[in-house]
Amino acid sequence: MDIEENKKLGLFLKQVQNNIEKDKNYTIEESFLEAVSNLSDESKNIFFHDIAIDYISLGSLNYIECLKQIKNLNDIPYANAQHILGHDSLKIGNLEGALDYLIKVNDVDHDIYLNAQIDLAIVKEKLGNVDDAINIYQDIISKTDENDKIYAKAQQNLGSIYVDKKSYEHAEECFRKILSIHSACFADAQFGLGVIFAVRKQDLKAVDYYKNVSNEFTRTYSKARFNLGNIYHRLNREDLALRCYKEVHESEATLYLQAKYSIANIYLSLRNLEEAFFSLKEIPEKSEIYLYFHYQIEMILTIGHLNDKEKQNKYLNLINLVKIILKLLFVNSELANSNMRCDSLKSLMIINKLSKFL
């Protein structure tokens with residue numbers, strides 16, 4: 001780029017950036033596009049790249065059109081544009097679009113390339129090409145230093161894949177490598193090891209790892225506390241289970257609801273109806289969990305007023321049967337996947353049919 005063209009590029013950039021600062025939704029005028037068209041392709045790439053970054057910093061969606069204007073010159077602006085477009089497509093679930101952008105990122109800039117490779121591996125895994133994802137992560141690990149944050153991210157994602165594949169020894173190896181270095185993935189690695197030892201029924205080790213997850217990382221911390229609650233509940237340490245479930249953060253909406261389900265379930269088993277009712281206050285009234293516990297509490301109160309022992313036993317048997325059915329309908333997994341499914345109409349129909357046997 002010669003000196004004269006560099007001056008022109010600087011002038012165009014400054015003028016458009018000033019307009020964007022005044023109005024983040026400012027679109028580049030035809031006059032600017034015409035002026036820029038006289039620059040070299042290299043200068044045009046720099047222009048559209050820098051303007052796109054300005055739009056991104058201000059939260060304007062106009063960056064997308066700017067990035068699409070960047071031509072393939074195997075330069076840094078093009079590589080970064082393809083990565084940003086691919087990453088954003090991944091975030092909104094457009095996997096095919098993300099794949100199309102990410103495979104175009106070359107190694108002209110090592111950091112951009114490796115970050116794009118991480119996203120590419122995630123896309124491959126989501127599309128069901130797990131072996132491709134594993135190969136990409138292994139390639140990243142082989143090309144990066146242990147102190148590089150990309151190294152830790154690749155180890156973490158690879159470990160998670162191995163957990164899903166039930167290849168726990170390989171997963172443990174990945175997570176332990178993260179613990180040996182200072183990394184932002186430290187909490188996730190602790191959680192991953194907790195999951196592995198919980199699956200192996202080595203509860204004490206699982207507890208130690210879950211406890212080490214810092215509350216600085218809200219999502220991972222919430223999953224760890226939920227899983228800790230599950231372990232303590234299994235060990236009949238209801239006091240500790242309740243404490244852990246209550247520490248699940250409200251921002252993790254589905255997991256938070258599952259925790260409330262577990263809390264209410266414990267209080268019902270302890271016949272502490274006051275606390276069970278209190279737990280229900282934070283559960284949506286139309287949700288299956290709310291209906292389930294209201295039904296149980298009403299049954300318990302009814303039983304308390306019955307003098308006939310035979311009728312008491314019938315009600316208790318009904319409650320236990322409903323409880324088993326609803327536990328099958330709920331997904332309340334050890335890995336805290338934050339998934340919960342339940343067909344309200346179906347389970348209520350079951351309850352109504354069972355009630356006829358009383």
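The values are calculated or read from the model by the stated rules, or taken from the named source; none is laboratory data. These numbers come from a predicted model, not from an experiment. Neighbour counts are summed over all protein chains in view; Cβ atoms, including those assigned to glycine, are modelled from backbone coordinates with ideal geometry.
Residues are listed down the side, and each one gets a yes or a no for (1) among the hydroxyl-bearing types (Ser, Thr, Tyr); (2) over 30 Å from residue 265 (Cβ atoms):
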site: 169; (1), (2): no, yes
site: 177; (1), (2): no, yes
site: 200; (1), (2): no, no
site: 205; (1), (2): no, no
site: 224; (1), (2): no, no
site: 229; (1), (2): no, no
site: 245; (1), (2): yes, no
Counting only helices (runs of 4 or more DSSP H) entirely within the stretch 1-102, those with at least 1 residues that are within 35 Å of the chain's Cα centre (by Cα) are 3-22, 41-57, 63-68, 76-91, 95-102
Does the stretch 151-174 contain at least one residue that is farther than 22 Å from residue 120 by Cβ, touching a Leu at 6+ places or on another chain (Cβ under 6 Å) and at pLDDT 95 or above?
-> no
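Out of everything in the stretch 214-229 that is of a type outside the set (Lys, Arg) and either modelled with pLDDT under 95 or more than 27 Å from residue 275 (Cβ to Cβ) (or both), what residue ends up being surrounded by the most Cβ atoms within 10 Å (Cβ to Cβ)? Break it down into steps so the answer makes sense when it comes.
So the first thing to find is which residues in the stretch 214-229 are of a type outside the set (Lys, Arg), and the list is 214-218, 220-222, 224, 226-229.
Pick out the ones that are also either modelled with pLDDT under 95 or more than 27 Å from residue 275 (Cβ to Cβ) (or both) and you get 214-218, 220.
Working: 214: 11, 215: 13, 216: 9, 217: 18, 218: 13, 220: 22.
Here the answer is 220.
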Across (1) farther than 20 Å from residue 175 by Cβ; (2) touching a Lys or Arg at 6+ places or on another chain (Cβ under 9 Å), residue 239 clears everything bar (2)
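State which residue is nearest to residue 201 (Cα to Cα) when the search covers only the stretch 232-273 and only residues that are aliphatic (A, V, I, L, M) and not in a helix (DSSP H, G or I). Explain how you work it out, then say what you get.
Here is the first cut: in the stretch 232-273, the ones aliphatic (A, V, I, L, M) are 235, 240-242, 248, 253, 255, 257, 259, 263-264, 266, 268, 270, 273.
Filter once more, keeping what is not in a helix (DSSP H, G or I): 235, 248, 270.
Numbers: 235: 12, 248: 23, 270: 26 Å.
In this case the residue turns out to be 235.
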Flagged pairs (Cβ under 8 angstrom, 6 or more apart or on separate chains; first in the stretch 84-106, under 14 Å from residue 125 (Cβ atoms); second assigned to a helix (DSSP H, G or I) and β-branched (Val, Ile, Thr)) are 90/122; 90/123; 95/123; 98/123; 99/123; 102/123
